[in-house]
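Q: Here you go, one structure.
The values are calculated or read from the model by the stated rules, or taken from the named source; none is laboratory data. Keep in mind that what you see is a predicted model, and the values were worked out from it rather than measured. With ideal geometry, Cβ positions are generated from the backbone for all residues, glycine too; neighbour counts draw on all protein chains shown. With ligands, DNA and RNA removed, areas are computed over all heavy atoms of the protein, side chains included. Shrake-Rupley method; radii C 1.70, N 1.55, O 1.52, S 1.80 Å.
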Amino acid sequence: MPLYVAPASALFSDAGTVGGALISIAAAICGIAFFMNRRSTGDIVALGAPFLLLALCYVVSLAYKPSFAGFRHLVAVMSVLFLFWYYVKNGWAIRKNPVFLLGAFLASFLYLAPSLLKINQKNFDGGMAFYGIAMLLFLILGNKASTSKSATLFVLTFGIASSIYGYLINFRMLIVFGILTFALYILFSRARSVSRHPRIVLAAIGLSIVGFIFFYTNIENSPHLSSINEFLIETTNRSALSGRQILWPSIIASILENPLFGLGAGTLPSDIMTTDLSSHNYYLQVALQTGIIGLAIAIWCVSRAWRVVVGMGDQSAANALASSLLAVFIVHNATEVIMFQNALRVAIPAWIVVFIAMSTTMAARDLRLSARSSPPQNPRA
């Protein structure tokens, strides 16, 4: 159900309640279905502890400073938590279900509709198209080996098509995401050392995000960074300046007013400055709302998924793609607020891919452990 609800919610304003309510209802149904089958429920709930703690963080913040915006943010986190429970528990079996596969195939093309019809902002609808088609590719790859030439060709085609589509709809980050997805796929599918050192790769991504934030917060004050912007203008005819160089310094200054607990679950940039924009960075926005504590828990959510998808050594092509998409998703949230909040509809297909990959990886691990623990059968005399 969330597969269809997410693109349908694009018909409604992100600032409204109708689209978010549709997603939340669909996610709640997934949560009910999860608890109706009690087998291994406790293990999955424990695995999703970071997501639950993030929700509790918003509950505490709302108790301190109630607001309708904060309540919407809490509901968004709870929606992802319900999806986590359902898809991590059932994803390994669902991905083989013909009905689900047909539904996912149809839904993937629905994700293209908002950007084709230019319903909302190009960066939201373009992101929705990217993750929606990526979800379809993830399911198509199935059990192919990561070194499969056909799988590599599929991912290469997806990367090229995404970049071309980004150019056509004038969404330049989509060009970057297309290239980055294929490059990361080659890394995850060929380099086994990555699965043995997943934290190093995640730390490198984190440092790149910190560098990205530093670039924009200092671009107007540093002659060296200004020269980089001039180079971009000369080579791409586009400036790196996008408003983030104004937003982010003000947000960081506000975070420092109450760095531990933040300014409240419903706090938005419009509450601290004259603007109608979001933070254009999920990590800064969650820190603004719930402080370093909330940010640390949000990072824990991502690292928990990363540890399972990347760190458990599944060498399938689908898992290599899921690892690549998770890395892109982490980077994407350094430019937009999609992980849990404003544009959750963009994140739905990305989260579903990650959660199904977690489920499949853990199921394969359990199967290997079961085979090792089974006593060898004695041959008949």
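Q: With point charges of +1 on the Cβ of Lys and Arg and -1 on the Cβ of Asp and Glu, referenced to the Cα centre of segment 267-381, which listed residue (ASN281, ILE292, THR361) lies farthest in the positive direction of the dipole?
A: THR361
Q: Could you run the Karplus curve 6.51 cos²θ - 1.76 cosθ + 1.60 with θ = phi - 60° over segment 165-179 and give me ³J(HN,Hα) per residue in whole Hz, x for Gly and Pro?
A: 5, x, 5, 5, 9, 6, 10, 5, 5, 5, 4, 5, 5, x, 5
Q: Moving on. Relative to the first principal axis of the alpha-carbon coordinates of the chain, what is the inclination of helix 49-64, with its axis defined by its Cα atoms, in degrees from 0 to 90 and to the nearest 10?
A: 30
Q: If each of ARG196 and ASN170 carries a label point 7 Å out from its Cα toward its Cβ, how far apart are those two points in nm?
A: Roughly 4.9 nm, to one decimal.
Q: I'd like the orientation of helix 282-309 relative to the chain: the angle between its Cα long axis and the longest Cα principal axis, in ° from 0 to 90, rounded to 10.
A: 20
Q: Can you list residues from other chains, or at least 5 along the same chain, whose modelled amide H is less than 5 Å from the amide H of ALA145?
A: Excluding prolines and chain starts, which carry no amide H, the hits are ALA317.
Q: Quick one: among PHE138, PHE100, PHE82, which has the greatest mean-square fluctuation in a GNM of the chain with alpha-carbon springs under 10 angstrom?
A: PHE100
Q: Kindly flag which residue pairs out of LYS96/LYS149; LYS65/LYS122; LYS122/LYS144 have an alpha-carbon separation exceeding 24 Å in this structure.
A: On the way: LYS96/LYS149 22 Å; LYS65/LYS122 33 Å; LYS122/LYS144 33 Å.
Beyond 24 Å between Cα atoms: LYS65/LYS122; LYS122/LYS144.
Q: Follow-up question, since we're still on this one. Hey, got the dipole for the chain? About the Cα centre, +1 on K and R Cβ, -1 on D and E Cβ, debye to the nearest 20? Walk me through the numbers before you get to the answer.
A: Working: 25 positive and 12 negative charges, 336 e Å.
Approximately 1620 debye in magnitude.
Q: Next question. Can you give me the solvent accessible area of MET362 with a 1.4 Å probe, rounded to the nearest 10 Å²?
A: My reading of the accessible area for MET362 is about 20 Å².
Q: Full-extension gain between ALA183 and ILE252, please, as 0.36 nm times their residue separation minus the C-alpha to C-alpha distance. Mind showing how you got there, number by number?
A: Details: separation 69, 0.36 × 69 = 24.84 nm, distance 3.21 nm.
Gain in length upon complete extension: 21.6 nm.
Q: Given the -39500 (n - 2.57) contribution per DSSP H run of 4+ residues, what per-residue ellipticity at 222 nm results for the chain, rounded to the nearest 500 deg cm²/dmol? Write out the running numbers ahead of the final one.
A: Working: 17 runs with 279 residues, N = 381.
Dividing the helical sum by the residues of the chain leaves -24500 deg cm²/dmol.
Q: While we're looking at this one, here's another question. Given R₀ = 22 Å, FRET efficiency for ILE292-ASP43 by Cβ-Cβ distance, to 0.05? Walk me through the numbers before you get to the answer.
A: Values: r = 30 Å, r/R0 = 1.34.
Efficiency at R0 = 22 Å is approximately 0.15.
Q: State the extension gain, in nm to one decimal, for the chain segment bounded by PHE109 and ALA203, taking 0.36 nm per residue of separation less the distance between their alpha-carbons.
A: On the way: separation 94, 0.36 × 94 = 33.84 nm, distance 3.41 nm.
My answer for the length gained is 30.4 nm.
Q: To continue, here is another question. Just name one of TYR131, SER115, ILE209: the one whose Cα is farthest towards the positive end of the charge dipole of the chain (beta-carbon charges, Lys/Arg +1, Asp/Glu -1).
A: It is TYR131, whose Cα lies furthest towards the positive end.
Q: Which angle between 0 and 90 degrees, to the nearest 10, do you get for helix 198-218 versus the longest principal axis of the chain when only C-alpha atoms count?
A: 10
Q: Of PRO259, LEU81, ALA21, which is farthest on the positive side of the dipole of the chain, counting Cα position, with +1 on Lys and Arg Cβ, -1 on Asp and Glu Cβ, and the Cα centre as origin?
A: My answer, from the dipole projection, is LEU81.
Q: Also, quick follow-up: For labels at LEU369 and MET36 in the simple 7 Å Cα→Cβ model, what's the distance in nm?
A: With each label placed 7 Å out from Cα toward Cβ, I get 2.9 nm.
Q: Could you tell me the calculated FRET efficiency between SER270 and ASN97, based on Cβ-Cβ distance and R0 = 45 angstrom, to the nearest 0.05? Don't skip to the end; give the middle numbers.
A: Values: r = 44 Å, r/R0 = 0.97.
Calculated value: 0.55.
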